[in-house]
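Asks: One structure follows; several queries about it will come next.
The values are calculated or read from the model by the stated rules, or taken from the named source; none is laboratory data. Note that the coordinates shown come from a computational prediction; the quantities given were computed from them, not determined experimentally. Virtual Cβ from ideal backbone geometry, glycine too; neighbours counted across all protein chains shown.
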Amino acid sequence: MLRNLDPTWLLLMFVSIALGGAAQFYISSTFKKWSRVRSANGLTGAQVAETILSRNNISAQVAGTTKGTQAVQVVQSRHGKLSDHYDPRTGTVALSEQVYGETTIAAAAVAAHEVGHALQTAHGYFPSKLRKAMVPVVSFGSNMAWVFIFIGLFAGAMQLFYLGIAFFALAVLFQVVTLPVELNASNRAMVQLRQTNLLSTGELSGARKVLTAAAFTYVAAALISVLQLLYFLGLGGSRN
């Protein structure tokens, strides 16, 4: 039966690779384009992050200099290009080398987006809190899901198979919850860049294109996971 379903799995893998590749090309090419355009204000990504935090009454710690008491730390990420992220556990905005010290439209957009996550935490944004609460369970479950799924299939142990499906479904739910969190962070970023006059009207258009490209990667990842979940549910149903 697995042999009969192999074409479906191969098609799913093709779609997944195509979507993932398209998403990566879109964000890489868009980021590269707007990384060549300098912002008029001349502020680095780190300075943009610091400015937005300060305007929202959130203390910022940049380059080892603390301003205020409860600081959100802005640091340079050591994990390579497009490794920018916000860690709510430590209150750290980590910006890649291409963002932290660069004065481009792309750097400003990405820095503002990551600070958008810090604003979510400060304002108690529920989807962000839900996503944070899911991390420990999803981290364990996503690693074990494939183990249970394949052992269950090849050993004919359907209870293990459906346990793997349950763990995988949690990972899919996590990615679905991630979508509004990321979109909201981008919306907050655009509002902050506009209200603080960090970018001009023309520059804001470029920043939005960068953030739209970044959002597409999350949409693609969620869609791929949903398709995989549907495939395994159908596989389990056919086995029964």
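Asks: Quick one: in the stretch 201-221, which of the residues that are at pLDDT below 95 and farther than 19 Å from residue 117 by Cα is surrounded by the fewest Cβ atoms within 10 Å (Cβ to Cβ)?
Replies: Ranking the candidates gives 201 first.
Asks: Looking at the stretch 99-158, which of its residues are touching a strand residue (DSSP E or B) at 6+ places or on another chain (Cβ under 7 Å) and outside any helix (DSSP H, G or I)?
Replies: 103, 104
Asks: Identify, by number, the condition in (1) within 16 Å of the chain's Cα centre (by Cα); (2) in a loop (DSSP other than H, G, I, E, B); (3) among the small types (Gly, Ala, Ser) that residue 40 doesn't meet.
Replies: Every listed condition holds for residue 40 apart from (1).
Asks: Quick check, is residue 112 within 15 Å of the chain's Cα centre (by Cα) and modelled with pLDDT of 95 or more?
Replies: Details: within 15 Å of the chain's Cα centre (by Cα): yes; modelled with pLDDT of 95 or more: yes.
Criteria met by residue 112.
Asks: Condition first: of a type in the set (Gly, Ala, Ser) and either surrounded by fewer than 17 Cβ atoms within 10 Å (Cβ to Cβ) or within 12 Å of residue 185 (Cα to Cα) (or both). Now tell me which residues in the stretch 98-121 satisfy that. I'd like the intermediate steps shown before the answer.
Replies: Start the filter on the stretch 98-121 by keeping residues that are of a type in the set (Gly, Ala, Ser), which leaves 101, 106-109, 111-112, 116, 118.
Across the stretch 98-121, the qualifying residues are 101, 109, 111, 112, 116, 118.
Asks: Quick check on this structure: which one of 197, 187 is part of a loop (DSSP other than H, G, I, E, B) and either at pLDDT 90 or above or surrounded by fewer than 18 Cβ atoms within 10 Å (Cβ to Cβ) (or both)?
Replies: So the residue among 197, 187 that is part of a loop (DSSP other than H, G, I, E, B) and either at pLDDT 90 or above or surrounded by fewer than 18 Cβ atoms within 10 Å (Cβ to Cβ) (or both) is 197.
Asks: In the set 60, 49, 23, which member is modelled with pLDDT of 95 or more and buried (at least 18 other Cβ atoms within 10 Å of the Cβ)? Lay out the reasoning, then the answer.
Replies: On the way: 60 fails: modelled with pLDDT of 95 or more; 23 fails: modelled with pLDDT of 95 or more.
49 is the lone residue from the list that is modelled with pLDDT of 95 or more and buried (at least 18 other Cβ atoms within 10 Å of the Cβ).
Asks: With the checklist (1) modelled with pLDDT under 90; (2) more than 15 Å from residue 119 (Cβ to Cβ); (3) out of contact with any helix residue (DSSP H, G or I) (no Cβ under 6 Å at 6 or more places or on another chain) in hand, flag the one item residue 70 doesn't pass.
Replies: Here residue 70 meets the rest and fails (2).
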